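Reviewing the structure listed below.
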Amino acid sequence: TERVILDKVGGIDSSLFAATDAAGIPDAVAMQLVRIFGTDIDFHTDLRTGDRFSLVYEMLYDSGELVAPGRILEAEFVNAGHTYHAVLFKDDEGSDAYYSLDGTSLAKAFLRSPVEFTRVSSGFGRRFHPIFKNWRNHTGVDFAAPEGTRVLAAADGQVVSAGVRGGYGNAIMIRHGGTITTLYGHMSRFAKGIHAGVRVKQGEVIGYVGHTGWATGPHLHYEFRIAGIYQDPLRVALPKAQPVPAQLREQFQRVAAEARATIDLVATSSPARFE
């Protein structure tokens, strides 16, 4: 497989995907951008006209034919005047992750949103129930998305249950160590191999958006509990993953310096804008 390195810049006028389309960036790469910066930028609500991004990524070819988009190698995103950087760093054992230029991990112990780039249709707390027509506490957050959209595990953990769960319809509960559990409801179906007792990794596909149970349309109902107490998934404090290990700090600093120089050069290009 031949690896071709590309660099692109873009500016936000309406939406991220409009900007990445205008810049000729594949949707799969745009989704990586969302995942990389999703711990610092809420792509549902935080984007502003005038935000801009620069990135370097790989495309994979075989005998001259495109096989698939590869991974983002380094990126910069300017959101509401704040600049965020990301660099892909691989250690000597082949493990890799994204870090800011100072070595802070961009990963969270938990994903803020377990659905790939969607919108919040109902928040946490008191709301007027669309089916029962009365005021009730909403114990999670609803993410509206087309039927069949992939649902991801918010963190590493073990599936406690996967099946029909009353008004939740097809639902999965995952225990994440300690006293934290997450629940994913109204799914159309579960991913292959998902059942009680199986261990899952953060970002692994566990099911697909649907409208089973008490649901008026396709969406994911997502709950976050600590010691059995419901928390707002969009506001609960999420711990950062571990930074670059001390023994790899010098190696990382060299990689980060090269990445910064590259992204600064890319960022001087004229951004592709979409009206």
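The values are calculated or read from the model by the stated rules, or taken from the named source; none is laboratory data. Treat the numbers as computed from the prediction; the structure is a model and nothing was measured. Cβ coordinates were reconstructed from backbone atoms using ideal geometry, including for glycine residues, and neighbour counts include every protein chain displayed. For accessibility, only protein heavy atoms count, side chains too; no ligands or nucleic acids. Shrake-Rupley method; radii C 1.70, N 1.55, O 1.52, S 1.80 Å.
When segment 40-80 is examined, which residues are found to be of a type in the set (D, E, K, R), more than 24 Å from Ala109 (Cβ to Cβ) and open to solvent by 30 Å² or more (accessible area, probe 1.4 Å)? Steps first, please.
Step one: filter segment 40-80 for residues of a type in the set (D, E, K, R), giving 40, 42, 46, 48, 51-52, 58, 62, 65, 71, 74, 76.
Restricting the remaining residues to those that are more than 24 Å from Ala109 (Cβ to Cβ) gives 48, 51-52, 58, 62, 65, 76.
Matches in segment 40-80: Arg48, Arg52, Asp62, Glu65.
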Discussion item. Checking the conditions here, which among Gly148, Gly213 is on the phi > 0 side of the Ramachandran plot and in contact with a helix residue (DSSP H, G or I) (Cβ under 8 Å, 6 or more places away or on another chain)?
Written reply: Gly213
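Among Val205, Val255, which is under 22 Å from the mean Cα position of the chain (by Cα) and either surrounded by 13 or more Cβ atoms within 10 Å (Cβ to Cβ) or without any contact (Cβ under 8 Å) to a residue 12 or more places away in the chain (or both)?
Details: Val255 fails: under 22 Å from the mean Cα position of the chain (by Cα).
Of Val205, Val255, the one residue that is under 22 Å from the mean Cα position of the chain (by Cα) and either surrounded by 13 or more Cβ atoms within 10 Å (Cβ to Cβ) or without any contact (Cβ under 8 Å) to a residue 12 or more places away in the chain (or both) is Val205.
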Worksheet item: Would segment 225-233 turn up any residue that is surrounded by 14 or more Cβ atoms within 10 Å (Cβ to Cβ), in contact (Cβ under 8 Å) with a residue 12 or more places away in the chain, assigned to a loop (DSSP other than H, G, I, E, B) and among the charged types (D, E, K, R)?
Response: yes
Worksheet entry | Given (1) aliphatic (A, V, I, L, M); (2) in contact (Cβ under 8 Å) with a residue 24 or more places away in the chain; (3) in a helix (DSSP H, G or I), index of the condition Leu220 fails | (3)
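Could you tell me which residue of segment 102-144 is modelled with the highest pLDDT, considering only residues that are among the aromatic types (Phe, Trp, Tyr) and open to solvent by 20 Å² or more (accessible area, probe 1.4 Å)? If you could, list the steps in order and put the result at the bottom.
So in segment 102-144, the residues among the aromatic types (Phe, Trp, Tyr) come out as 110, 117, 124, 128, 132, 135, 143.
Next, only the ones that are open to solvent by 20 Å² or more (accessible area, probe 1.4 Å) stay: 117, 124, 128, 132, 135.
On the way: Phe117: 54, Phe124: 41, Phe128: 43, Phe132: 42, Trp135: 38.
Applying the filter and picking the extreme gives Phe117.
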Worksheet item: Does Ile36 fit the bill of being outside any strand (DSSP E or B), among the β-branched types (Val, Ile, Thr), under 19 Å from the mean Cα position of the chain (by Cα) and surrounded by 14 or more Cβ atoms within 10 Å (Cβ to Cβ)?
Response: yes
Worksheet item: So Arg189 clears everything in (1) open to solvent by 70 Å² or more (accessible area, probe 1.4 Å); (2) modelled with pLDDT of 90 or more; (3) part of a loop (DSSP other than H, G, I, E, B) except one condition, right? Which one?
Response: (3)
Worksheet item: List pairs: first in segment 139-160 and without any contact (Cβ under 8 Å) to a residue 60 or more places away in the chain and more than 11 Å from Thr181 (Cα to Cα), second in a strand (DSSP E or B) and open to solvent by 40 Å² or more (accessible area, probe 1.4 Å), Cβ under 7 Å, 6+ apart or cross-chain?
Response: Arg150/Tyr208
Worksheet entry | Pairs with Cβ under 7 Å, 6+ apart, first in segment 13-35 and closer than 13 Å to Glu58 by Cα, second in a helix (DSSP H, G or I) | Ala30/Leu16; Ala30/Phe17; Ala30/Thr20
Worksheet item: With respect to Thr83, is the statement that it is at pLDDT 90 or above, part of a strand (DSSP E or B) and open to solvent by 30 Å² or more (accessible area, probe 1.4 Å) true?
Response: yes
Worksheet entry | Tabulated pairs, segment 50-71, first in contact (Cβ under 8 Å) with a residue 40 or more places away in the chain and farther than 11 Å from Ile5 by Cβ, second assigned to a strand (DSSP E or B) and of a type in the set (Ser, Thr, Tyr), C-beta under 8 angstrom, 6+ apart or interchain | Val67/Tyr61; Pro69/Tyr57
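Being over 30 Å from Ser95 (Cα atoms) and surrounded by fewer than 17 Cβ atoms within 10 Å (Cβ to Cβ) narrows it down to one residue among Thr212, Thr268; which is it? Don't jump to the end; show me each part of the working.
Details: Thr212 fails: surrounded by fewer than 17 Cβ atoms within 10 Å (Cβ to Cβ).
Just a single option satisfies the conditions, and that option is Thr268.
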Practice prompt. May I ask you to list the residues in segment 1-24 that are open to solvent by 10 Å² or more (accessible area, probe 1.4 Å) and among the aliphatic types (A, V, I, L, M)?
Written response: Val4, Ile5, Leu6, Val9, Ala18, Ala22, Ala23
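Of the residues in segment 34-57, how many are within 25 Å of Ala261 (Cα to Cα) and at pLDDT 90 or above? Before you say what the answer is, go through the steps one by one.
So the first thing to find is which residues in segment 34-57 are within 25 Å of Ala261 (Cα to Cα), and the list is 34-41, 50-57.
Then drop every residue that is not at pLDDT 90 or above, which leaves 50-57.
Qualifying residue count, segment 34-57: 8.
Suppose we filter segment 145-161 for residues that are open to solvent by less than 20 Å² (accessible area, probe 1.4 Å) and outside any strand (DSSP E or B); how many remain?
Taking segment 145-161 and keeping what is open to solvent by less than 20 Å² (accessible area, probe 1.4 Å), we get 145, 151-155, 157, 159.
Checking which are outside any strand (DSSP E or B) leaves us with 145, 153-155.
Result for segment 145-161: 4.
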Discussion item. Considering only residues that are open to solvent by 40 Å² or more (accessible area, probe 1.4 Å), of a type outside the set (D, E, K, R) and not in a strand (DSSP E or B), which ones fall in segment 162-185?
Written reply: Gly166, Tyr168, Gly177, Gly178, Thr179
